[in-house]
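Let me begin by presenting the structure, written as structure tokens, before commenting on it.
The values are calculated or read from the model by the stated rules, or taken from the named source; none is laboratory data. Every value quoted in this text rests on a predicted model; they were computed, and no experiment measured them. In this analysis, Cβ positions are derived from the backbone assuming ideal geometry, glycine residues included, and neighbour counts consider all displayed protein chains.
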Amino acid sequence: MSPNLTRQQQLDLYYFMQLNRQLEDRMVRLFRQNKIVGGLYSSLGQEAISVGTAFALEKRDWLAPMIRNIGALLVKGFKPRDIFTQHMAKYTSPTLGKDGTSHFGDLKNRHTISPISMLGDLIPVMTGVAMAGRYLGQKIVTLTWIGDGGSSTGAFHEGLIFAAQQRAALVLVLENNQWAYSTPVSRQAPVKDLSDRARGYGIESRIVDGNDVLAVYATTKDAVETARAGRGPVLIEAKTMRMKGHAQHDPAEYVPKEMFEYWKTRDPILLYEKYLTENKIWDAKTKSEIDARIERELDEEQKFAEDSPLPPAELAEQGVYCQDGCHNIEAEWQRPKKEVTPPNCSVEAVWKVEGIGSAANSVAASTRAAGSGGNGAQPVRKSIAKPPAKVATKPAGKPAVKSPADDSATARVPFGRGPKGKSFDRGAHGKQGRR
Amino acid sequence: MAPVTMLEGIRQAIFEEMDRDPAVVALGEDIGVYGGAFKVTEGLLARFGPERVIDAPIAETGIVGAACGMSYLGLRPVVEMQFIDFIACCFNQVTNFVAKSHYRWGAPVPMVLRGPSGGGVHGGPFHSANPEMYFVHTPGLKVVYPSTAHDAKGLLKSAIRDNNPVLFFEHKYLYRRIKEELPEGDYTVPLGKAAVRREGRDLTILSYAAMMYPALEAAEQLAGEGIEAEVIDLRTLLPLDRETILASVKKTSKLLIVHEDTRTGGIAGEIAALVCEGAFEDLDGPIARVTALDTPTPYSPPLEEHFLPNTAKIVAAARELAGY
């Protein structure tokens with residue numbers, strides 16, 4: 001992988017990954033000191049994905065982090081103090097203590113949408129951001145992440161379907177860290193590559209080694225360009241490993257030890273340090289300078305957070321509604337409004353349906369393909385189609401579970417009989433009459 | 001101007017707002033070429049084009065999520081639920097993403113979520129819903145439920161211009177059954193303000209949406225018996241117009257609340273509590289309510305008629321209350 005990055009940019013990648021890790025490391029200590037108010041989620045081992053993907057965005061582009069994308073927020077320009085104060089529920093946090101973790105954003109400058117805890121919902125939202133950006137002529141790309149577990153949600157599918165239909169400039173990074181809380185990916189979906197799903201939506205997909213920051217960067221950069229060019233959304237599956245439990249409370253004893261052992265050798269920061277050394281992009285002195293800078297910055301940022309006050313109780317009552325001019329909502333038009341104003345935007349409201357009858361043709365085609373095994377499907381063998389003589393033997397002593405299909409005159413489940421004296425016999429319907 | 005239906009009033013509001021402000025866009029299932037299941041958006045696509053009138057896949061979570069994202073960039077999406085019942089499919093997106101956005105991180109969501117609601121048209125359990133209370137119970141949303149063509153148009157315009165997410169319920173029984181002349185030119189009706197439809201001194205009947213008509217009919221009948229009922233149309237359920245409610249109760253000392261929504265957890269309970277807090281000393285009788293039964297909306301006409309409140313039930317309850 002020879003990235004199209006300057007030396008400084010390559011050093012910045014290291015800086016952000018290491019900053020991400022050291023910041024989270026400090027938060028683990030704060031958690032143990034009871035200074036973190038809620039839960040603490042770790043992105044240990046996944047820093048290359050957060051940092052490498054966000055690094056591929058331009059300033060005008062939008063992102064929406066998930067819980068393990070602290071690194072992306074740092075790249076986007078948020079400060080470690082934002083992360084510290086969010087977790088410590090301080091008044092100085094971006095949400096003033098109203099929400100925690102990575103649940104914050106910035107509409108004005110850093111173009112970041114705050115996530116919610118329910119998985120998948122960011123996908124339609126970022127689709128909408130991309131649609132609005134295109135409508136306003138902004139040429140933006142939106143990017144968000146989803147886990148292997150989160151890719152089972154309805155919102156994931158609805159979001160991608162809408163994004164595909166709209167050819168929205170959305171890049172979705174599926175961080176396959178192999179564990180949805182305690183459930184391994186193989187027990188979530190019987191597919192090897194979750195990116196296969198992209199085909200079902202008619203969108204492009206890529207698979208990348210999520211522990212190789214340069215590969216992540218290059219793949220995302222390419223996807224961002226694809227999306228920006230109007231070729232529709234791109235799904236990137238980044239293969240990686242969650243190196244801690246779901247959150248601090250979870251020791252992850254369900255993960256085989258050998259799995260952790262293997263992935264330790266593939267630590268993204270370790271791998272990248274090796275790359276920087278072998279390619280003589282840095283020396284020991286540069287590394288220690290960056291590390292020292294990170295220490296210094298985090299000392300200062302952590303102190304700021306620890307010294308910050310908790311919010312005043314009355315704040316709880318405020319801000320439910322946007323009122324009294326608290327926001328002036330103004331879209332940023334980068335195209336003439338005239339283009340979307342009648343009569344310029346008016347159309348003949350009819351569907352242009354191409355290839356009438358093509359559905360029938362494609363059915364015919366796939367039938368032929370199936371017959372010859374051309375699409376990979378096997379021709380149906382008659383022996384399978386024929387039902388076996390006896391389905392199952394009834395175990396002795398236990399009543400068989402009767403299916404409604406077994407008896408044409410199925411007794412109805414009583415769910416109300418009507419008023420007394422007005423109940424009636426359904427006579428002709430046999431057994432189901434009220435008695 | 002010729003009288004128009006409530007449906008036409010709603011249609012005019014969307015057209016005029018889209019004409020006024022190119023930040024207003026519309027999304028929904030079959031709203032474009034087809035013009036919407038009830039034809040509320042008929043002609044919208046021809047006038048404003050596919051960038052502003054988006055025929056969406058059948059994916060309510062996708063639609064509401066996308067609308068939310070669009071609003072973050074300063075657009076004002078108007079989303080149609082083909083039937084308001086289907087809002088259940090995007091409940092999470094509405095209550096967790098949209099409603100909490102401004103409170104959590106100061107990001108306003110200026111969007112309108114509108115759709116045909118209500119019973120009386122034999123739509124059965126999945127095409128008759130009055131799901132307003134799920135959302136009245138959700139801080140961050142506004143909930144509007146008009147009863148006239150004039151209000152529907154004026155309130156929808158206010159909703160579109162509002163910086164908050166507004167759920168706008170359109171009672172489908174009223175879509176084409178009521179007609180009135182609308183004022184010429186642009187006008188709005190403010191959110192959060194109830195309207196006194198009939199003045200009276202003996203008791204207050206509070207209602208909204210389609211139930212306003214049996215409530216007014218009941219008041220007319222009661223007047224024949226010498227009972228003068230004051231009839232109030234809530235129009236907006238969140239925020240509630242406490243002042244108008246309390247002022248009327250203080251005047252009449254008796255309160256009957258009528259809603260088509262089911263009984264338990266309906267807004268009558270909330271209003272009763274509000275009146276106890278703000279006008280208990282003025283009450284001269286128990287707070288009464290006439291509501292739908294605590295069942296799903298049944299399909300067959302006699303079942304649905306039994307399920308719904310009607311004029312006779314309101315008159316009976318009012319008579320009893322007037323007896324105190």
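What to note about this one:
- Residues satisfying the stated conditions in the range B:2-26, i.e. crowded, with 21+ Cβ neighbours inside 10 Å and either facing chain A (nearest Cβ under 9 Å) or basic (Lys, Arg) (or both): B:Arg11, B:Met18, B:Pro22, B:Ala23, B:Val25
- The range A:146-159 residues that are more than 7 Å from chain B (Cβ to nearest Cβ), paired with ones that are basic (Lys, Arg) (beta carbon under 9 Å, 6 or more apart): A:Gly147/A:Arg68; A:Gly147/A:Arg242; A:Ser151/A:Arg197; A:Phe156/A:Arg197; A:His157/A:Arg197
- Residues being β-branched (Val, Ile, Thr), more than 8 Å from chain B (Cβ to nearest Cβ) and in a loop (DSSP other than H, G, I, E, B) - total across the range A:86-140: 3
- Among residues of the range B:264-311 being more than 30 Å from B:Val121 (Cα to Cα) and within 22 Å of the chain's Cα centre (by Cα), the one that is surrounded by the fewest Cβ atoms within 10 Å (Cβ to Cβ) is B:Ala273.
- Test: A:Ile83 is under 30 Å from A:Pro309 (Cβ atoms), crowded, with 24+ Cβ neighbours inside 10 Å and touching a residue at least 60 places away in the same chain (Cβ under 8 Å): yes
- When the test is whether a residue is of a type outside the set (Val, Ile, Thr) and touching a Leu at 6+ places or on another chain (Cβ under 6 Å), A:Ala163 passes it.
- Taking the range A:224-265 as the range and being touching a Phe, Trp or Tyr at 6+ places or on another chain (Cβ under 8 Å) and of a type in the set (Gly, Ala, Ser) as the test, the residues that pass are A:Ala247, A:Ala252.
- Strands (runs of 3 or more DSSP E) contained entirely in the range B:228-309, each with at least 3 residues that are outside the structural domain of B:Glu170 (by TED's automatic domain parsing) and aliphatic (A, V, I, L, M): B:229-233, B:255-262, B:288-292
Quick grid of which residues meet (1) surrounded by 24 or more Cβ atoms within 10 Å (Cβ to Cβ); (2) modelled with pLDDT of 95 or more; (3) among the small types (Gly, Ala, Ser); (4) more than 23 Å from A:Ser42 (Cα to Cα):
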{"residue": "A:Arg167", "(1), (2), (3), (4)": "no, yes, no, yes"}
{"residue": "A:Leu170", "(1), (2), (3), (4)": "yes, yes, no, yes"}
{"residue": "A:Pro190", "(1), (2), (3), (4)": "no, no, no, yes"}
{"residue": "A:Tyr201", "(1), (2), (3), (4)": "no, yes, no, yes"}
{"residue": "A:Glu204", "(1), (2), (3), (4)": "no, yes, no, yes"}
{"residue": "A:Asp212", "(1), (2), (3), (4)": "no, yes, no, no"}
{"residue": "A:Thr219", "(1), (2), (3), (4)": "yes, yes, no, yes"}
{"residue": "A:Asp222", "(1), (2), (3), (4)": "no, yes, no, yes"}
{"residue": "A:Leu235", "(1), (2), (3), (4)": "yes, yes, no, yes"}
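- As a summary of the residue check, B:Phe126 satisfies the conditions (1) more than 14 Å from chain A (Cβ to nearest Cβ); (2) crowded, with 22+ Cβ neighbours inside 10 Å except for the one numbered (2).
- Residues in the range A:316-349 that are over 22 Å from A:Gly137 (Cβ atoms) and surrounded by fewer than 14 Cβ atoms within 10 Å (Cβ to Cβ): A:Ala316, A:Glu317, A:Gln318, A:Gln323, A:Asp324, A:Gly325, A:Cys326, A:Glu348.
- For A:Cys326, the stated conditions do not hold, so it cannot be described as touching an Asp or Glu at 6+ places or on another chain (Cβ under 7 Å) and free of Cβ contacts under 8 Å to residues at least 60 places away in the same chain.
- Set A:Gly52, A:Gly77: member being in contact with a strand residue (DSSP E or B) (Cβ under 9 Å, 6 or more places away or on another chain) and within 24 Å of A:Ser288 (Cβ to Cβ): A:Gly52
- Whichever residue in the range B:245-263 is under 18 Å from the mean Cα position of the chain (by Cα) and not hydroxyl-bearing (Ser, Thr, Tyr) and, among such residues, is surrounded by the fewest Cβ atoms within 10 Å (Cβ to Cβ): B:Arg263
- B:Tyr145 being crowded, with 24+ Cβ neighbours inside 10 Å, within 7 Å of another protein chain (Cβ to nearest Cβ) and not acidic (Asp, Glu): no
- Residues being closer than 12 Å to A:Thr92 by Cβ and surrounded by fewer than 16 Cβ atoms within 10 Å (Cβ to Cβ) - total across the range A:304-315: 4
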